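**Q** Okay, handing you the structure first.
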């Protein structure tokens, strides 16, 4: 049984709290489990890099380049994923933890919810 990822929806002391679209959280969990099956070390390294991306967007969201449909993204350095997010009035919403091989913009319907 893989170790579980901790809830990241609480602020880490940065400027903006963040929340997950339910599908984005499921994507992050599925990627963690995929790496866990291959190697627990790879899974933990993925989680560390993903948390770093969350901190980056929380503290300095505008450093991330504009992306599709009014979103921004952080591209992970060691794993083929990006964190797609948008700024809202009171928080930052993580819309997708998107694999680089998936069709760009597959997550756009999530912006409406």
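**Q** Got the relative contact order for the chain handy, in percent, Cα pairs under 8 Å and 6 or more residues apart? Don't skip to the answer; put the middle values down first.
**A** Working: 156 pairs, mean separation 29.5, N = 113.
Rounded, it is 26 percent for the chain.
**Q** Related question: Okay, which of the range 85-101 sit inside 15 Å, backbone N to the point 7 Å along the Cα-Cβ direction of residue 16?
**A** 85-96, by backbone N distance to the label point.
**Q** Something else now. How many nm separate the modelled label positions at residue 23 and residue 108, each set 7 Å beyond the Cα in the direction of the Cβ?
**A** Calculated label separation equals 1.2 nm.
**Q** Now for a separate question. Between residue 87 and residue 30, what length comes free when the chain is fully extended (0.36 nm per residue of separation minus the Cα-Cα distance, one decimal in nm)?
**A** Working: separation 57, 0.36 × 57 = 20.52 nm, distance 2.44 nm.
Fully extending the segment from residue 87 to residue 30 adds 18.1 nm.
**Q** Another question, if that's okay. Tell me, what is the FRET efficiency for residue 68 and residue 45 to the nearest 0.05, using R0 = 25 angstrom and their Cβ-Cβ distance as r? Don't skip to the end; give the middle numbers.
**A** Values: r = 28 Å, r/R0 = 1.11.
For R0 = 25 Å, the calculated efficiency reads 0.35.
**Q** Take every Cα pair under 8 Å in the range 10-70 that's 6+ residues apart, average their separations, divide by the length, and report that relative contact order as a whole percent.
**A** Details: 29 pairs, mean separation 20.5, N = 61.
34 percent.
**Q** Dividing the alpha-carbon Rg of the chain by 2.2 N^0.38 Å yields what? Can you show the working numbers first?
**A** On the way: Rg = 13.3 Å, N = 113, 2.2 N^0.38 = 13.3 Å.
For the chain, the normalised Cα radius of gyration comes out at 1.01.
**Q** If we count other beta carbons within 10 Å of each Cβ, what is the order of 81, 32, 59, fewest first? List each step's numbers first, then the result.
**A** Values: 81 24, 32 20, 59 13.
Least to most surrounded, the residues fall as 59, 32, 81.
**Q** If you fit an axis through the alpha-carbon atoms of helix 22-38 and take the longest principal axis of the Cα set of the chain, what angle between them do you get, 0 to 90°, nearest 10?
**A** Once rounded, one gets 20 degrees.
Every read-out reported here was derived from the displayed coordinates using simple, explicitly stated rules and does not represent laboratory data. It should be emphasised that the depicted structure is a prediction, and the values quoted were computed from it without experimental measurement. Heads up, the Cβs are rebuilt from the backbone with ideal geometry, glycines too, and the neighbour counts pull from every protein chain shown.
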